[in-house]
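Report on one structure; see the data block that follows.
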Amino acid sequence: MLVDFRNEPLTNFQDPTFHRAMKEALEDVRRGFGREYPMRIDGRDRFSGHWIRSADPSRPKELVGQVAAATREDAMDAVEGAWSAFEGWARVPAEARARCLFKAAAIMRRRKFHLAALMCFEVGKTWSEADADVAEAIDFLEFYGREMIRLARSHPLTRIQGEDNEVIYEPLGVGVVIPPWNFPLAILTGMTVSSVVAGNAVVLKPASASPVIAAEFAKIMDEAGIPPGVIQFLPGSGGEIGDVLVSHPQVRFVTFTGSRDVGVHIYELAAKVQPGQKWLKRVIAEMGGKDAIIVDSDADLDDAAAGIVTSAFGFAGQKCSACSRVIALEDVYEPILERVKALTERLKVAPADLEEASYGPVVDRAAYEKVLQYIEIGQTEGQLVTGGGPAEGDGYFIKPTIFRDVPPDARIAQEEIFGPVLAFLKAKDFDEALRIANGTQYGLTGGVYSRNRAHLEQARRAFEVGNLYFNRKITGALVGAHPFGGFHMSGTDSKAGGQDYLLLLTQAKVVSERF
Ligand code: NAP
């Protein structure tokens, strides 16, 4: 019998066995640097002669691997082949589909250190961030497998005499899955396997900054028994093959996680009905954030400072949920700033595979330049408290940076920076703090540190975010416990890792038979 869903435990690297295992995995992955990986279409390897090169952002001269880059023709083939695979896969019983996910979870558990080590090199995750990424991927497999079994059971409808009524959740067809690089295993796994366990076939186009871990995922799903063509692994540049996939008339749905601008573009393009298209495409789009933590007058300031620093600088601030604004009430503004500054200055920026790193590099040169540019903008909009430029090393390292006295309409208080940059804003009372918090186009995560029950209840109603946290950090959503998705320009509030998620990837058919 299937045991209840439980979150995968995180690894304690203080334990010498796990510590050794991680060191060995890092060495092993490094020995495999420079390998070539194919795309996989209809279960067969394919090479195009073009490559996506994936470098280590801690040491950009080192090539982690290179992955075949798809052309427009490959994209067309992938969609067509996925429909052929869909016919059979949709008829496989839900329990058997779910079993492939449970098998994949078992394989990932066995390869946990290898997968984590690969992410340390490919995207610059520290040991604990990489371990949490693998754990979340395993959680998605275990959770969505169980959810599909639940969804396939009979669902109660109001009884009518002389009639038998039934609701069935059917798959949609062929979808395109477009994940980001920042949770290169977890989010990619969640988006792909939720679609597939619901009976759909997908074209998976991974992010170009993390194609090697994506190739490892594709291999694992093959080994777990997903039939050829159900997951068409199609690495390639979003700019080059993205529009071909999204606008393809045979694509039934698109599931996207990434930046606001790309999400909006996909949403618009998918809305245009193409000649020969037989449906309105469904789009699930989860996008960026400009997430704020409010610090109330009576907050536990040590606790708040620790939560702010973890939320702002974990993985160099490259999380959609990262805290990029602190809104502190006047009377605690100086003491909370002082505490946050002190903790921030203790952070160690270093190559991500070194265990002493608090955080590593940003993901690539483009990200590095963009974040440094925002730091320059910050110099004109607020007052620099700490950091303010590159950190030592050959990689894309940036010092943890804090600006104070930033006005709510400043660019660094409005635009997603996606790096280790934090703005401090002052509010005269709690109402104003909430107004400032809600004063951006985004609405992903938010937090309040307060001991005032009335304020917490006010924020519960009025803080316009999809994921709101009280008296804790605002990152680290757990599958099952914190279904995740944003309001406003942060997305379609799809609530990944929640019980409603598979409904987005299915269509409900009601069959009524008169007896
Ligand atoms: P991105 O630049 O928007 O890219 C996301 C994905 O879209 C990548 O696979 C990218 O491919 C692809 N893409 C780019 N242009 C495309 C096009 N014209 N058509 C189709 N696909 C296209 O975002 P990112 O830098 O990977 O990720 C960071 C962003 O994701 C941040 O904004 C972050 O807040 C957001 N995010 C949101 C969530 C959430 O749950 N709300 C979670 C994680 C991250 P290429 O890599 O080949 O360009």
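The values are calculated or read from the model by the stated rules, or taken from the named source; none is laboratory data. Here the structure is a predicted model, which is why all the values come from computation and not from measurement. Because the Cβ atoms are built from the backbone with ideal geometry, glycine has one as well, and the counts that use them run over all protein chains shown. Side chains are part of the model used for accessible areas, which takes the heavy atoms of the whole protein and leaves out ligands, DNA and RNA. Shrake-Rupley method; radii C 1.70, N 1.55, O 1.52, S 1.80 Å.
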Just to check I understand the Karplus step: with θ = phi - 60° and J = 6.51 cos²θ - 1.76 cosθ + 1.60, what whole-Hz values come out for the stretch 346-358, glycine and proline as x? 8, 5, 10, 9, 7, x, 5, 7, 7, 5, 7, 5, 6
Placing +1 at every Lys and Arg Cβ and -1 at every Asp and Glu Cβ, with all other atoms neutral, what dipole size does the chain have around its Cα centre, in debye to the nearest 20? 960 debye
Computed label-point distance, nm, for sites SER297 and ALA508 using a 7 Å Cα→Cβ extension: 4.8 nm
Listed peptides 245-254, 447-456 by packing density, highest first (mean Cβ within 10 Å): 245-254, 447-456
Only Lys, Arg, Asp and Glu count, each charged at its Cβ (+1, +1, -1, -1), so figure out the dipole size of the stretch 41-186 about its Cα centre, rounded to 20 debye. 540 debye
Farthest positive-ward along the chain dipole, Cα basis, beta-carbon charges - from HIS248, VAL123, CYS100: CYS100
What percent antiparallel are the DSSP beta bridges of the stretch 320-434, to the nearest 5? 30 percent
Of the accessible area of the chain, computed with a 1.4 Å probe and all protein chains kept, carbon and sulfur make up a percent value of 50 percent
Helix 453-462 against the longest principal axis of the chain: what's the angle in degrees, Cα atoms only, rounded to the nearest 10? 50 degrees
Measuring from the longest principal axis of the C-alpha atoms of the chain, the long axis of helix 186-197 (C-alpha) lies at a number of degrees, nearest 10, equal to 20 degrees
Counting only DSSP beta bridges with both residues in the chain, tell me the antiparallel percent, nearest 5. 40 percent
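Write down the accessible area per residue of the stretch 437-482 in Å², having rolled a 1.4 Å probe over the full set of protein chains. Please report the intermediate quantities before stating the final value.
On the way: 1930 Å² over 46 residues.
Result: 42 Å² per residue.
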Just to confirm, what accessible area per residue do you get for the stretch 157-250 at 1.4 Å probe, in whole Å²? 28 Å²
Which Cα, out of MET489, GLY314, SER54, lies furthest along the positive dipole direction of the chain (beta carbon charges, K/R +1, D/E -1)? SER54
When we measure straight from the Cα of LYS281, which aspartates and glutamates land under 20 angstrom away, once same-chain ones fewer than 8 places off are left out? ASP77, GLU80, GLU87, GLU170, ASP243, ASP261, GLU268, ASP493, ASP500
Given an 8 Å cut-off on Cα distances and at least 6 residues of separation, report the relative contact order of the stretch 291-470 as a percent. 28 percent
For the chain, build the charge dipole from Cβ charges (+1 Lys, Arg; -1 Asp, Glu) around the Cα centre, then report which of TRP279, SER84, MET221 sits farthest towards its positive end. SER84
Over 30 Å (Cα to Cα) among LYS290/LYS341; LYS112/LYS341; LYS272/LYS495; LYS319/LYS426 -> LYS112/LYS341
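Got the relative contact order for the chain handy, in percent, Cα pairs under 8 Å and 6 or more residues apart?
17 percent
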Would you work out the charge dipole size for the stretch 291-470 about its Cα centre, treating the Cβ of every Lys and Arg as +1 and the Cβ of every Asp and Glu as -1, and quote it to the nearest 20 debye? 220 debye
Helix 365-381: angle to the longest alpha-carbon principal axis of the chain, degrees 0 to 90, nearest 10? 40 degrees
